[in-house]
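*Asks:* I have a structure I would like to understand better, so I am pasting it below and will then ask my questions one at a time.
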Amino acid sequence: MQQIIGNITVLEAAPILNLGLLIDGLLIGAIFALAAYGLALVWGVMNVKNLAQGDFIMTGGYITWFLGNHGLHPLLGLPVACVVLWCIGWLLYRVVVSKVITRDLFTSLLATFGIAIVIQQGLNLAFGPDTQSAQADLPTWELAGGMITIPATRAIGFVFAALLAVAVIVFMKRSRMGQAIRATAQDARAARVLGIDTEKVYSFTFCLNAAICGAAGALVAVVWNVQPFMGTTYSIRLFVVVTAAGFGNLPGVIAAGFGMGVFEQFGGFILGAQYQQALIVMLLLIVLAVRQLQNLHLRQAVQ
Amino acid sequence: MSVPIIEVENVSKSFGGVIANRSVSLSVPRGGITGLIGPNGSGKTTLFNSIVGYHPIDSGSIRLEGREISKLRVQEIARLGLLRTFQATRIYGKMNCVQNMLISIPHRKAGFFDMFASERGEVVERAEHLLAFVGLYDKRFLRAGSLSFGQQKLLEFAMALMNEPTVLLLDEPTAGINPTLINGLIERLKRANTEFGITLFIIEHNMRVIMNMADVIYCLAHGELLTSGEPGAIQRDQRVIDAYLGAH
Amino acid sequence: MNSARLQPLTYWLLLLIGVAAPMLFPDYTNQIAVLWLMIVFALTWDILGGQMGYNSLGNIFFFGAGMYVSAVTQIGLYYDVGMYTSAARTTHIAFSYSQYFTGFALGTVTGGLVSAVLAIGVGSFVFGLRGPYFAIGTLGIAVAAAELVSSWEWVGAASGISLPVFPGGPETQKLFFYFLLFALSFILLLFLRWLYSTNFGLAINAIRDDEEKAEGMGLHTRGYKRTALVIAAFFLGLSGAIFGNMTGFIEPRDIAFPTTTFNIFMVLMVLLGGKGTLWGPVVGAVVFHVIKEVTWTYFLGWQYVTLGLLIVIIVVYFQQGIVGWVMEKYPERFGIQIAPKEPEEIPRTAGLATQPGGAE
């Protein structure tokens with residue numbers, strides 16, 4: 001408790017630290033926003049809540065790290081991760097997701113939870129339980145006399161995340177497939193009647209999301225680190241982001257992604273890194289509680 | 001007519017700018033059969049939903065036997081003896097008809113230990129009697145979800161009777177029912193009214209049915225009360241005819 | 001002839017198996033004891049998940065809560081808990097014969113009761129959530145509990161608590177816990193058999209089939225839902241207390257609140273055996289436990305991958321479960337009657353339910 005108060009006083013005494021945490025939070029939040037967008041896409045179009053989202057990210061991260069160990073620069077590993085994840089996404093869609101898409105929501109939730117366990121344990125068997133990080137050998141910029149440090153990797157990660165997000169959004173707006181996806185999200189039956197192959201749309205959406213996760217994972221491996229069991233934390237994070245914003249609300253999802261990044265930086269600084277997971281779970285419960293209050297039937301019992 | 005059992009006064013309800021009910025006032029007399037008609041989208045089901053507590057109302061007052069109920073929730077209103085059936089029939093699909101009936105007993109004074117009650121002799125008898133009343137006795141052990149639509153509708157009606165309501169709101173009881181069976185249904189509704197003393201308030205599209213049954217009919221159009229009166233008068237009212245034909 | 005007449009026999013048979021098993025297979029006493037625990041897991045999960053249609057992913061919370069409450073009670077009766085947990089790593093603290101059993105009995109009962117009380121609080125939070133949000137919310141509670149206990153020094157934080165040592169030989173200890181877990185699962189089975197035959201059973205089935213309709217009929221849905229959770233929590237709390245003492249050492253992540261093992265086993269066993277039936281969870285637990293023990297032995301290292309695959313396979317390809325499958329195949333043996341398809345009826349598709357075209 002004392003330590004917490006101490007940390008808060010430090011923040012009060014050195015306002016510049018706040019700025020540092022804010023920048024850090026925004027830089028990392030960009031990656032959350034990107035992956036959350038993918039989750040919201042699958043959620044909105046297919047009505048599947050993908051609990052393996054975080055594990056897709058970890059897979060992307062491990063691919064980048066693995067290639068980095070064999071001499072490929074991590075930023076070149078990113079497209080590879082995208083392609084590999086796209087293929088994994090396609091396979092999972094064929095074998096699992098396409099079979100549960102029309103069933104009740106708990107079924108798809110549980111199925112993706114099963115996928116998550118397989119991926120986690122698979123990564124654990126393949127690469128061991130240690131924390132890994134892809135080395136990009138880039139400088140760290142210092143501002144305000146060393147009070148704020150911005151590793152170049154984080155800035156590059158931010159730019160990449162932003163570029164990818166813009167590319168995906170433009171794709172959704174302009175391309176035929178993007179339009180078909182949006183039509184399906186609005187009313188799948190109507191889309192089918194109008195000749196849209198919704199099966200293809202679903203498959204594409206799931207693959208697209210997996211590829212987005214691959215990219216996000218590559219960035220995570222570069223700016224942060226990866227570990228087989230960290231995926232669950234990411235899944236919960238992204239779930240919080242999308243639940244807080246509402247899956248149909250794209251700007252909201254992106255804003256909430258940034259908010260999540262900033263919240264975690266401050267929370268981590270004040271409470272200490274060991275409470276990170278607890279903090280995220282608490283946030284989940286709070287978001288669910290708030291949502292509940294909003295949805296509460298307004299008719300109240302008198303007396 | 002005697003004292004009204006339901007009094008609706010100046011009730012308004014809008015959904016995000018779309019006005020579904022604007023200052024509707026009407027009263028349902030005790031012991032009778034009251035009809036509610038109006039073209040599609042005129043706000044009939046919205047009014048029903050407001051009365052049974054499905055959603056809050058924007059303004060106005062709704063009273064059941066003189067008691068204000070516009071702030072109560074669905075369950076509490078149901079326990080006061082005001083029940084509704086749904087337009088798209090709703091029954092408990094994976095349970096059989098008798099089970100559907102047994103769980104529809106009134107829950108007015110149910111205490112904690114009533115949850116675990118299982119003495120059923122009299123209750124089962126009543127359930128079977130009511131199933132016979134609607135003509136489902138032979139099918140009483142069938143899974144409710146496997147019945148035809150019309151049979152499910154009858155089952156829902158029997159479940160409502162099992163609950164011993166004082167007022168029953170029926171949302172299009174004859175919609176989707178084979179025309180040859182409608183007369184039987186009308187006769188049963190009338191018997192429920194006379195034999196069990198249940199006040200009925202019915203939304204109906206089928207004019208022949210409603211004219212045949214109701215003592216008083218209210219007509220809604222564009223969310224407002226257009227007119228009310230006896231079936232004969234309504235039938236001759238030019239405004240009602242215009243509303244149905246789309247003129248305004 | 002029919003299942004109703006076979007039933008009493010089945011219970012006697014189960015009783016016989018339960019009593020005889022540790023004598024017939026003395027080497028596997030612990031494994032079979034865990035099987036009874038699995039049956040408790042499956043049966044309690046099915047109260048909400050199968051009978052009431054509320055799929056929880058956080059029932060393990062009550063198991064862990066019971067475990068920790070009983071541990072704290074047992075120790076707190078004779079020592080200061082904070083000192084005990086910090087000293088346990090360095091010194092061996094002994095409990096006398098009577099201290100052990102008084103503490104154990106009191107701790108177990110308290111564990112069950114506190115879990116039940118916690119269920120009231122949890123219920124008022126989670127029952128406002130529907131569908132997948134309910135599953136995620138309950139999962140969140142279980143994960144949060146694991147995290148909080150992990151950083152709570154008073155109860156030993158992440159390094160856990162060593163419980164009082166059983167004052168008897170290892171064989172006696174095995175049999176003691178075996179029969180406790182067996183008795184618990186057997187009593188639970190009889191209790192649920194009675195419970196599902198009362199109005200309570202009908203009410204929670206009605207909530208599963210159409211909660212809005214049940215509300216519209218004036219059913220006290222909130223009370224039923226909360227009571228269902230309290231019942232599940234009480235039995236899970238008892239089982240947690242017993243299992244904690246059986247292993248002798250408890251810690252938050254892998255023993256008390258294991259969200260990816262025991263917690264998910266509950267769901268899997270019920271799906272495998274058949275949701276919403278009395279015997280489905282029992283059958284599922286037995287089959288699952290055997291599969292699990294075999295894979296754990298022969299696929300060491302790969303066991304969790306196998307577990308994940310098993311989840312996917314069961315969920316995707318075999319969701320009605322063993323008992324559900326048999327019931328669908330031979331409905332008349334279970335007293336279920338389905339209306340014969342009437343050919344003149346116009347088939348209705350799910351999306352067209354509001355515009356019925358069917359007739360009698």
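The values are calculated or read from the model by the stated rules, or taken from the named source; none is laboratory data. A quick note: this is a predicted structure, and the numbers were derived from the prediction, not measured. Heads up, the Cβs are rebuilt from the backbone with ideal geometry, glycines too, and the neighbour counts pull from every protein chain shown. Each accessible area value is taken on the protein alone, full model and side chains, heavy atoms only, with ligands, DNA and RNA left out. Shrake-Rupley method; radii C 1.70, N 1.55, O 1.52, S 1.80 Å.
*Asks:* Relative contact order of segment C:3-334: what whole-number percent is it, with Cα pairs under 8 angstrom and at least 6 residues apart?
*Replies:* Contact order relative to length: 31 percent.
*Asks:* Something else about it: Taking only protein heavy atoms into account and a 1.4 Å probe, give the accessible area per residue of segment C:142-213 in Å².
*Replies:* Roughly 37 Å² per residue, with all protein chains present.
*Asks:* What accessible area per residue, rounded to a whole number of Å², is obtained for segment C:59-122 using a probe radius of 1.4 Å?
*Replies:* Using a 1.4 Å probe on heavy atoms only, each residue of segment C:59-122 averages 42 Å².
*Asks:* Right, next: Over the C-alpha atoms of segment C:3-334, what are the Rg and the largest Cα-to-Cα span, Dmax, in Å?
*Replies:* Cα only, segment C:3-334: 19.9, 64 Å (Rg, Dmax).
*Asks:* Related question: Per-residue HN-Hα couplings for segment B:9-17, Karplus 6.51 cos²θ - 1.76 cosθ + 1.60 at θ = phi - 60°, whole Hz, x for Gly and Pro?
*Replies:* 10, 6, 7, 10, 8, 10, 10, x, x
*Asks:* Here is a further query. Placing +1 on the Cβ of each Lys and Arg and -1 on the Cβ of each Asp and Glu in chain C, which of C:244, C:262, C:276 has its Cα farthest towards the positive end of the resulting dipole?
*Replies:* My answer, from the dipole projection, is C:244.
*Asks:* If you place +1 on the Cβ of every Lys and Arg and -1 on the Cβ of every Asp and Glu, how big does the dipole about the Cα centre of segment A:20-302 come out, in debye to the nearest 20?
*Replies:* It comes to approximately 1020 debye.
*Asks:* Go through C:29, C:330, C:183 and say which Cα lies farthest out towards the positive end of the charge dipole of segment C:3-334; charges sit on Cβ, +1 for Lys and Arg, -1 for Asp and Glu.
*Replies:* Farthest towards the positive pole: C:330.
*Asks:* Evaluate the charge dipole of segment A:1-137 about its Cα centre and quote only its size in Debye, nearest 20, assuming +1 on the Cβ of each Lys and Arg and -1 on the Cβ of each Asp and Glu.
*Replies:* 580 debye
*Asks:* Here is a further query. If you take the accessible area of A alone, add that of C alone, and subtract the area of the pair, what total do you get in Å², probe 1.4 Å, to the nearest 100?
*Replies:* 3200 Å²
*Asks:* Over all alpha-carbon pairs in chain A, figure out the percentage whose distance exceeds 27 Å.
*Replies:* 44 percent
*Asks:* Let me ask something else about it. Counting only protein heavy atoms and a 1.4 Å probe, tell me what percentage of segment A:20-302's accessible area is made up of carbon and sulfur.
*Replies:* Taking all protein chains in place, segment A:20-302 shows 66 percent carbon and sulfur surface.
*Asks:* Karplus couplings for segment A:48-62 from phi (6.51 cos²θ - 1.76 cosθ + 1.60, θ = phi - 60°), rounded to Hz, Gly and Pro as x?
*Replies:* 10, 8, 7, 7, 9, 3, x, 6, 4, 4, 4, 4, x, x, 5
*Asks:* Remind me, what semi-axes does the protein assembly as shown give for its equivalent ellipsoid, largest first in whole Å, using sqrt of 5 times each Cα gyration tensor eigenvalue?
*Replies:* After scaling each eigenvalue by five and taking roots: 51, 38, 27 Å.
*Asks:* Let me check something: with ligands and nucleic acids excluded, how do A:82, B:219 order by accessible area (1.4 Å probe), largest to smallest?
*Replies:* A:82, B:219
*Asks:* OK, next. P(r) for chain B: what percent of alpha-carbon pairs falls in each 5 Å bin, starting at zero?
*Replies:* Bin by bin from 0 Å, the calculated values are 1, 6, 13, 17, 19, 16, 13, 8, 4, 1, 0, 0.
*Asks:* Taking 30 Å² as the minimum loss, tell me which residues in segment B:32-72 lose that much accessible area going from the chain by itself to the full protein complex (1.4 Å probe).
*Replies:* The answer is B:54, B:56, B:71, B:72 - residues whose exposure falls by at least 30 Å² when every protein chain is included.
*Asks:* Here's a follow-up. Roughly how many debye, to the nearest 20, is the charge dipole of chain C about its Cα centre, given +1 on each Lys and Arg Cβ, -1 on each Asp and Glu Cβ, and no other charges?
*Replies:* Rounded to the nearest 20 debye, it is 260 debye.
*Asks:* Still on this structure, please answer the following. Treat each spin label as a single point 7 Å out from the Cα along the C-beta direction, and report the residue C:101 to residue B:138 distance in nm.
*Replies:* With each label placed 7 Å out from Cα toward Cβ, I get 6.6 nm.
*Asks:* Run the numbers for residue C:293 and residue C:27: contour at 0.36 nm per residue of separation, minus the present Cα-Cα distance, in nm.
*Replies:* 94.4 nm
*Asks:* Another question, if that's okay. Please label the shape of segment A:53-147 as rounded, prolate or oblate, based on the square roots a ≥ b ≥ c of the eigenvalues of the alpha-carbon gyration tensor (a/c under 1.5 means rounded; beyond that, a/b larger than b/c means prolate, else oblate).
*Replies:* prolate
*Asks:* Also, quick follow-up: State, in square angstrom and to the nearest 100, the accessible area buried between chains C and B, both chains counted, probe radius 1.4 Å.
*Replies:* Using a 1.4 Å probe on protein heavy atoms, the buried area is about 3900 Å².
*Asks:* Relative to the compact-globule scaling 2.2 N^0.38 Å, provide the ratio for the alpha-carbon radius of gyration of segment A:1-124.
*Replies:* Dividing the Cα Rg of segment A:1-124 by 2.2 N^0.38 Å gives 1.40.
*Asks:* Just order A:58-71, C:316-329, B:137-150, C:31-44 by mean Cβ neighbour count inside 10 Å, highest at the front, would you?
*Replies:* C:31-44, A:58-71, B:137-150, C:316-329
*Asks:* Suppose all protein chains stay in the model; what accessible area per residue would a 1.4 Å probe give for segment B:109-219, in Å²?
*Replies:* With all protein chains present, segment B:109-219 gives 40 Å² per residue.
*Asks:* Let me ask something additional. Tell me the carbon and sulfur percent of the accessible area for segment C:3-334, rounded to whole percent, probe radius 1.4 Å.
*Replies:* Carbon plus sulfur share of accessible area: 69 percent.
*Asks:* Relative contact order of chain B: what whole-number percent is it, with Cα pairs under 8 angstrom and at least 6 residues apart?
*Replies:* 27 percent
*Asks:* List the aspartates and glutamates whose Cα lies under 20 Å from the Cα of residue B:71, skipping any in the same chain that are fewer than 8 positions away.
*Replies:* B:7, B:9, B:58, C:212, C:215
*Asks:* Give me the inter-chain shielding for A:268-274: mean count of other chain Cβ atoms within 10 Å, whole number please.
*Replies:* 1
*Asks:* Another question about this same structure. Take segment C:141-222, drop everything but the C-alpha atoms, weight them equally and run the Debye formula without solvent; then report log10 I(q)/I(0) at 0.15, 0.23 Å⁻¹ to two decimals.
*Replies:* -0.88, -0.99
*Asks:* Can you list the residues, at least 5 places off or on another chain, whose amide H is less than 5 Å from the amide H of residue C:249, using H built in the peptide plane?
*Replies:* For residue C:249, the qualifying residues are C:163.
*Asks:* I've got another one for you. For segment B:78-184, would you read off the P(r) tail past 25 Å as a percentage of all alpha carbon pairs?
*Replies:* The answer is 18 percent, as a whole percent.
*Asks:* To continue, here is another question. Straight-line reach from residue B:190: which aspartates and glutamates have a Cα under 19 Å away, not including same-chain ones fewer than 8 places off?
*Replies:* Excluding near neighbours in sequence, the set is B:156, B:164, B:171, B:172, B:204, B:215, B:230.
*Asks:* In addition: Could you quote the convex hull projected area for segment A:153-300, Cα atoms only and averaged over all directions, in nm²?
*Replies:* That works out to 11.7 nm², a quarter of the Cα hull's surface.
*Asks:* Per residue of segment A:209-221, in order, report the coupling 6.51 cos²θ - 1.76 cosθ + 1.60 (Karplus, θ = phi - 60°) as ³J(HN,Hα) in whole Hz, putting x for Gly and Pro.
*Replies:* Rounded to whole hertz, the list is 4, 4, 5, 4, 4, x, 5, 4, x, 4, 5, 4, 5.
*Asks:* Of the listed pairs C:174/C:225; A:173/C:275; A:200/C:292; C:213/C:329; B:109/B:153, which have alpha-carbon separations greater than 32 Å here?
*Replies:* Violating the 32 Å Cα-Cα cut-off are C:174/C:225; A:173/C:275; A:200/C:292.
*Asks:* Further, regarding this structure: Which of A:193, A:153, A:286 sits closest to the plus end of the dipole of segment A:20-302, meaning its Cα is farthest towards the positive end, when Lys and Arg get +1 and Asp and Glu get -1 on the C-beta?
*Replies:* A:193
*Asks:* Bin width 10 Å, alpha-carbon pairs only: give the P(r) of segment C:233-295 as whole percents, running from 0 to the bin holding the largest distance.
*Replies:* 21, 44, 32, 3
*Asks:* Which value does Rg/Rh take for segment C:102-142 over its C-alpha atoms, Rh per Kirkwood?
*Replies:* Ratio of gyration radius to Kirkwood radius for segment C:102-142: 1.19.
*Asks:* How far is it, in nm, from the label point at residue C:318 to the one at residue A:73 when both lie 7 Å from their Cα along the line to the Cβ?
*Replies:* Label at residue C:318, label at residue A:73, 5.1 nm between them.
*Asks:* Remind me, relative contact order of chain A in percent, using alpha carbon pairs under 8 angstrom and six or more residues apart?
*Replies:* Averaging sequence separation for qualifying contacts and normalising by length gives 38 percent for chain A.
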